[in-house]
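The values are calculated or read from the model by the stated rules, or taken from the named source; none is laboratory data. Because the structure is a prediction, the values reported are computed rather than measured. Note that we place each Cβ from the backbone using ideal geometry, even for glycine, and neighbour counts take in every protein chain shown.
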Amino acid sequence: MWAILAVGSAVFAALTSILAKTGIEGVGSNLATAIRTGVVLVMAWGMVFLTGEAGGLGEVSRRSWLFLILSGLATGASWLCYYKALQLGDVSKVVPIDKLSVVLTVVLAAVFLHEKITPKSLAGCALIAIGTLMMVK
């Protein structure tokens with residue numbers, strides 16, 4: 001099931017880039033990010049209430065709150081940078097650079113979460129980096 005959801009994530013992420021580039025015309029990148037964030041906020045809380053998970057809010061630990069807040073701040077910073085980059089550049093160049101996050105995530109997971117980097121994942125990261133350079137040059 002996780003693989004199907006991951007493919008769904010990739011499809012929706014691709015649509016996000018195309019729809020965002022089209023929608024950002026004549027709109028400031030910060031305002032566009034705020035509009036998008038508002039929609040995501042309503043959608044996310046709608047799912048929480050629809051699935052009955054709202055009752056678990058009081059059970060979230062302080063540590064989880066801290067890291068979820070930090071993750072939210074990182075997401076916000078990422079979106080602000082992404083929308084400004086979309087406004088200034090071509091989607092076909094912005095998106096591959098944005099996807100270098102895969103390589104950075106693997107490195108950060110090894111450093112901070114002590115996840116093992118296998119030769120296969122190292123080769124994959126190298127190919128992503130090389131592919132990105134080929135696409136943006």
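Which of the residues belonging to region 108-137 are small (Gly, Ala, Ser) and either under 26 Å from Val91 (Cα atoms) or over 21 Å from the mean Cα position of the chain (by Cα) (or both)?
Within region 108-137, Ala123, Gly124, Ala126, Ala129, Gly131 qualify.
Looking at this structure, is Ser101 loosely packed, with under 14 Cβ neighbours inside 10 Å, hydroxyl-bearing (Ser, Thr, Tyr) and closer than 25 Å to Ser29 by Cα?
yes
How about region 15-41: which of its residues are outside any loop (DSSP other than H, G, I, E, B) and touching a residue at least 60 places away in the same chain (Cβ under 8 Å)? Give the derivation first.
Narrowing region 15-41 to residues outside any loop (DSSP other than H, G, I, E, B): 15-23, 29-41.
Correct list: Ser17, Ile18, Ala20, Lys21.
Evaluate the following for Leu66: is it assigned by TED's automatic domain parsing to the domain that holds Phe12, out of contact with any strand residue (DSSP E or B) (no Cβ under 6 Å at 6 or more places or on another chain) and either assigned to a helix (DSSP H, G or I) or within 22 Å of Phe12 (Cβ to Cβ) (or both)? Full working, then the answer.
Details: assigned by TED's automatic domain parsing to the domain that holds Phe12: yes; out of contact with any strand residue (DSSP E or B) (no Cβ under 6 Å at 6 or more places or on another chain): yes; either assigned to a helix (DSSP H, G or I) or within 22 Å of Phe12 (Cβ to Cβ) (or both): yes.
Judged against the criteria, Leu66 is a match.
What's the number of the condition Ile4 fails, among (1) part of a loop (DSSP other than H, G, I, E, B); (2) surrounded by fewer than 10 Cβ atoms within 10 Å (Cβ to Cβ); (3) not acidic (Asp, Glu)?
Answer for Ile4: the failing condition is (1).
Of the conditions (1) loosely packed, with under 10 Cβ neighbours inside 10 Å; (2) assigned to a helix (DSSP H, G or I); (3) not hydroxyl-bearing (Ser, Thr, Tyr), His114 clears all except one; give me its number.
(2)
For the subset of region 57-92 comprising residues that are of a type in the set (D, E, K, R) and surrounded by fewer than 10 Cβ atoms within 10 Å (Cβ to Cβ), which member is nearest to Ala44 (Cα to Cα)?
Glu59
Does Val42 count as under 25 Å from Thr22 (Cα atoms), within 20 Å of the chain's Cα centre (by Cα) and modelled with pLDDT under 95?
Details: under 25 Å from Thr22 (Cα atoms): yes; within 20 Å of the chain's Cα centre (by Cα): yes; modelled with pLDDT under 95: no.
Criteria not met by Val42.
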